[in-house]
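The values are calculated or read from the model by the stated rules, or taken from the named source; none is laboratory data. Just so you know, these numbers come straight off a predicted model, no measurement behind them. All Cβ positions, even for glycine, are placed from backbone atoms using ideal geometry, and neighbour counts span all protein chains on display. SASA here: full protein model, heavy atoms, side chains in, ligands and nucleic acids out. Shrake-Rupley method; radii C 1.70, N 1.55, O 1.52, S 1.80 Å.
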Amino acid sequence: MDERIPVTRPVAHGTAKLLPDVDRKRAWLLTVNDAPQSYVDLDAPTQLEFEYARRLGHVLDTLAEPGRPLDVLHLGGGALTMPRYLAATRPGSRQDVVEADRGLIDLINEHVPVPDDAGIRLHAADARAWLESEGAAADSVDVLIADVFGGSRVPAHLTSVAYARAAERVLRGDGVYLANLADTAPFAFLRSQLATFSTVFEELALIAEPGVLRGRRFGNAILVAAHHPVDTATLARRTASDAFPARIEHGSALRDFMGDAQPVRDENAVPSPEPPDGAFSIG
């Protein structure tokens, strides 16, 4: 019998809960205001339950030869699903996690901490402030993963050209930027993000479930940005054969999707759209 009980804690954007998975002895679901945020299995850190996390995992698996350590900066912490995944699949990786919500950090440290030798360091700070500080050295990371949601929306100050330039500054020349975004038709936010990052990076790709890309429902999309071509052929095979199939858009098809969208400047930046009721809720 599972004797673990849910843990509830007030955090910056409402109420966080850690809910035990009755089917796995040391697995937990993190929710904020009843919207799922992260899933972690302490005994199986490579177990990625959420669709967007699986797609991030596919990209991370293809960035370098298997097992090679990477230097990674995570903006947004949640329950540290992706840092744990990388620590397991690429031992020796150096990872920094920037999470603005001190209450959330305390909750994770108390109930689902990462091992001391995992190479994962947590920092309580605003994502953009960290990027623009001395704590984020130029040309210092191989991968930057942005998964920042204030409540259920990407904050406005993490959507502009100035932000994209700050992110690009910390990446090495062959580095890759990944972001978890969310939108639905007519994709004003997603298209604006493509236009914004195209001003800084030469190569872009977008990974999402076909129904989301067709505008049938609100959902997540993974933005991939780099100064070099991304291995879209391998990613297309992996995402198409996943338990939750996805499609990758790039090249001319992605430019057509972006259309005449304009880059976002700080003075006109807005958060990502509010999800419709029930889009990400459980229970």
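Here Val32 qualifies as of a type in the set (A, V, I, L, M) and touching a Gly at 6+ places or on another chain (Cβ under 7 Å).
Here Glu249 clears all of (1) surrounded by 17 or more Cβ atoms within 10 Å (Cβ to Cβ); (2) of a type in the set (D, E, K, R); (3) without any contact (Cβ under 8 Å) to a residue 24 or more places away in the chain except the condition numbered (3).
So which of Leu42, Leu60, Leu48, Leu56 ends up being aliphatic (A, V, I, L, M) and under 17 Å from Ile108 (Cβ atoms)?
Numbers: Leu60 fails: under 17 Å from Ile108 (Cβ atoms); Leu48 fails: under 17 Å from Ile108 (Cβ atoms); Leu56 fails: under 17 Å from Ile108 (Cβ atoms).
Of Leu42, Leu60, Leu48, Leu56, the one residue that is aliphatic (A, V, I, L, M) and under 17 Å from Ile108 (Cβ atoms) is Leu42.
Any idea which of (1) aromatic (Phe, Trp, Tyr); (2) open to solvent by 20 Å² or more (accessible area, probe 1.4 Å); (3) out of contact with any Gly (no Cβ under 9 Å at 6 or more places or on another chain) is the one Phe149 doesn't satisfy? Unmet for Phe149, out of (1) aromatic (Phe, Trp, Tyr); (2) open to solvent by 20 Å² or more (accessible area, probe 1.4 Å); (3) out of contact with any Gly (no Cβ under 9 Å at 6 or more places or on another chain): (3).
Residues that are open to solvent by 30 Å² or more (accessible area, probe 1.4 Å) and in contact with a Gly (Cβ under 7 Å, 6 or more places away or on another chain) within region 35-70 comprise Gln37, Pro69, listed in sequence order.
Restricted to region 253-280, and to residues that are acidic (Asp, Glu) and at pLDDT 95 or above, which residue is surrounded by the most Cβ atoms within 10 Å (Cβ to Cβ)? So that I can check it myself, show each step before the final result.
Filtering region 253-280 down to residues acidic (Asp, Glu) leaves 256, 260, 266-267, 274, 277.
Next, from what is left, pick out any that are at pLDDT 95 or above: 256, 260, 266-267.
Working: Asp256: 9, Asp260: 6, Asp266: 12, Glu267: 6.
Looking at the filtered set, the residue picked out is Asp266.
Can you find even one residue in region 204-211 that is open to solvent by 10 Å² or more (accessible area, probe 1.4 Å), β-branched (Val, Ile, Thr) and in contact (Cβ under 8 Å) with a residue 40 or more places away in the chain? No, region 204-211 contains no residue that is open to solvent by 10 Å² or more (accessible area, probe 1.4 Å), β-branched (Val, Ile, Thr) and in contact (Cβ under 8 Å) with a residue 40 or more places away in the chain.
Is at least one residue of region 226-243 acidic (Asp, Glu), touching a strand residue (DSSP E or B) at 6+ places or on another chain (Cβ under 7 Å) and either open to solvent by less than 70 Å² (accessible area, probe 1.4 Å) or modelled with pLDDT of 95 or more (or both)? No: zero hits.
Considering (1) open to solvent by 20 Å² or more (accessible area, probe 1.4 Å); (2) closer than 25 Å to Ala12 by Cα, the lone condition that Leu73 does not fulfil carries the number (1). Only one of the listed residues (Val114, Val154) is more than 17 Å from the chain's Cα centre (by Cα), among the hydrophobic types (A, V, I, L, M, F, W, C) and closer than 23 Å to Tyr39 by Cβ. That residue is Val114. Filtering Pro6, Pro10 for residues that are more than 25 Å from Thr234 (Cβ to Cβ), in contact with a Gly (Cβ under 7 Å, 6 or more places away or on another chain) and surrounded by fewer than 17 Cβ atoms within 10 Å (Cβ to Cβ) leaves a single hit, Pro10. When we screen Gln47, Gln37 for residues that are under 24 Å from Ala236 (Cα atoms), in contact (Cβ under 8 Å) with a residue 12 or more places away in the chain and touching a strand residue (DSSP E or B) at 6+ places or on another chain (Cβ under 8 Å), the only hit is Gln47.
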